[in-house]
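Accompanying notes for the structure given below.
No value in this document is a laboratory result; all are computed from the given coordinates. Bear in mind that the values here come from a model prediction, so they are computed numbers and not experimental data. Using ideal geometry, Cβ is built from the backbone for each residue, glycine included, and neighbour counts are taken over all protein chains shown.
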Amino acid sequence: MQTRFTAEQLADPAIVDSERNLRACVHCGFCLSTCPTYTLLGDELDSPRGRIYLIKDMLEHDRPATAEVALHVDRCLSCLACQTTCPSGVHYQHLIDHARAHVEKTYERPLLDRLLRALLARLLPYPGRFRLALQAARLVRPFGRFMTGRLGAMLALAPIHLPPQEMDQELYRAIGARRARVALLTGCAQRVIAPSINAATIRLLTRHGVEVVVPRPAGCCGAIVHHIGKADQARDLAIDAIRTWADEIEARGLDAIIVNTSGCGTEIKDYGHIFRDDPVWAEAAQRISGLTRDISEFMAGIGIEPMPIPECTVGGLTVAYHAACSLQHGQKITTEPKALLTKAGFTVRDVPEGHLCCGSAGTYNLLQPEIAERLRARKLSNIARLNPDIVATGNIGCITQLAGGMRVPVIHTVELLDWATGGPRPEGLGAAP
């Protein structure tokens, strides 16, 4: 694609990066077949290629975003299926992130939209505030049938019961000879909604000879707010995380930083790019990105040791593996989770149309509930075709999105691996038969 940026514009590193990606696009249209919004809506402007044209025009002319641009940029899930498909190497993730930040800075959204986005940015990255908000939502739930649109979606996704807060412990010793020392990102929303995922991760790692440290105050990685265009807040949250992990590396050393929420993993692995021109944080950010591993990626490297499970035969359970977009497209991790589940004794089956997003996509199911619901229904239908006993996935957002519509439990992959190697039966599976 031909571009016409001025020399003055190209003094901005963000423009340089976006121009590189714009020039890489050859209009081939391969991305259209894998884009969820184009699949549903059939509008060229709701495809990666269409959005690229809008972004190019907006950036090249250095103009504020219009309502039309904001509409189509907002409808993008950032699932990155197009990035996997693109034969020309367009790094769509960086292009859409730049566009979101530009929209946020230059477009005045309708008042209710601004308020909702501000509310999400002030609640979701902060576990204490988020827990209070979910507790308040329980009081409003009886009136949920009168709420539609975004408010109705928010209430529908809020859990009816909140689990107890996780243990406040910073170091978990390896069982047996220590093979590695890692830090675990416990996250923000996941820590409140499903602390059992972190607990299972710690048990799985320590059982396999890995010492786990949970350094404070590493919390939100910044992904949630980054994907709604709040680049400054995302940057501040990322710096807190980088500083915390860098201090731990300097003090006692780390072999890896483990992430069990794939959306966060995609963000942290991109820190090196985000801070590439930062004179203070560039080196540390690149080092953190290089150390970051999804839990399935790390366990595939060290191997698992399955053991007989007393209350059931794992080999008799069929698992439908739902590949989170941020894992399969963002991090290019596709075979490892399935190989681990198979080694653990489960019969693993791929979900048809597995490249299409379930509609969760961070805050997408809150901000674009109509499209998200259509994607969810499509995903649920495809999963039902497999008639599985369990659905496994590696992202809390996908679990929350799918769980309410399934007749079978939706469980994090790490909880199944923990169970198969000697841990407790996942709570989501209910009591043993």
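Below are the figures for this structure:
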{"quantity": "Ellipticity estimate at 222 nm from DSSP helix runs (n ≥ 4, -39,500 (n - 2.57)) divided over the chain, nearest 500", "calculated": "-14000 deg cm²/dmol"}
{"quantity": "Prolate/oblate/rounded call for segment 9-106, Cα gyration tensor, a/c under 1.5 rounded", "calculated": "oblate"}
{"quantity": "Choice from 244, 201, 34 showing the highest fluctuation, given a GNM over the chain with Cα pairs closer than 10 Å", "calculated": "244"}
{"quantity": "The chain: most fluctuating residue of 125, 110, 388 per GNM, C-alpha cutoff 10 Å", "calculated": "110"}
{"quantity": "Among (1) 38; (2) 46; (3) 52, the entry derived from the coordinates for percent of Cα pairs over 29 Å apart", "calculated": "(2)"}
{"quantity": "³J(HN,Hα), Karplus 6.51/-1.76/1.60, whole Hz, each residue of segment 337-342, x for Gly, Pro", "calculated": "x, 5, 5, 5, 5, 5"}
{"quantity": "Per-residue Cβ neighbour rank within 10 angstrom, fewest leading, 322, 98, 27", "calculated": "27, 98, 322"}
{"quantity": "Low-density loop cleavage sites - trypsin sites (Lys or Arg not before Pro) in segment 208-279, where at most 15 other Cβ are within 10 Å (DSSP)", "calculated": "252, 276"}
{"quantity": "Residues of type aspartates and glutamates that residue 105 reaches as a straight line, Cα spacing below 19 Å, ignoring anything fewer than 8 places off in the same chain", "calculated": "12, 17, 57, 60, 62, 68, 74, 97, 113, 232, 236"}
{"quantity": "Amide H contacts under 5 Å for residue 294, placed H, 5+ residues apart", "calculated": "259"}
{"quantity": "For segment 175-181, Karplus couplings with θ = phi - 60° (6.51, -1.76, 1.60), whole Hz, Gly/Pro x", "calculated": "8, x, 5, 6, 9, 6, 10"}
{"quantity": "Among 299, 384, 327 - extreme Cα towards positive end, dipole of segment 280-433, charges at beta-carbon", "calculated": "384"}
{"quantity": "Whichever lysines have a C-alpha closer than 22 Å to that of residue 379, once near sequence neighbours (fewer than 8 apart) are set aside", "calculated": "332, 338"}
{"quantity": "R0 of 41 Å, Cβ-Cβ distance residue 28-residue 68: FRET efficiency to nearest 0.05", "calculated": "0.95"}
{"quantity": "Partner aspartates and glutamates for residue 343 [C-alpha distance under 15 Å; skip if fewer than 8 residues away on the same chain]", "calculated": "297, 305, 415, 418"}
{"quantity": "Sparse-neighbourhood loop sites, trypsin sites (Lys or Arg not before Pro) in segment 331-433 - DSSP loop, at most 16 other Cβ within 10 angstrom", "calculated": "332, 385, 407"}
{"quantity": "Model label zone, residue 20; criterion: amide N under 16 Å from point 7 Å along Cα-to-beta-carbon; scope segment 83-97", "calculated": "88-97"}
{"quantity": "Choice from 62, 418, 270 with maximal GNM fluctuation in the chain (Cα, 10 Å cutoff)", "calculated": "62"}
{"quantity": "The chain - share of DSSP beta bridges that are antiparallel (%, nearest 5)", "calculated": "10 percent"}
{"quantity": "Residues of segment 209-237 with amide N under 14 Å of the 7 Å Cα→Cβ point at residue 113", "calculated": "228-229"}
{"quantity": "Vicinal HN-Hα couplings computed from phi for segment 247-263 (Karplus, 6.51 cos²θ - 1.76 cosθ + 1.60; Hz; Gly/Pro x)", "calculated": "4, 5, 4, 5, 7, 9, x, 9, 8, 6, 10, 9, 10, 10, 10, 5, x"}
{"quantity": "Fewest-first ranking of 41, 237, 10, 356, using other Cβ atoms within 10 Å as the exposure measure", "calculated": "10, 41, 356, 237"}
{"quantity": "Overall form of segment 306-429 per C-alpha gyration tensor (a/c, 1.5; a/b vs b/c)", "calculated": "prolate"}
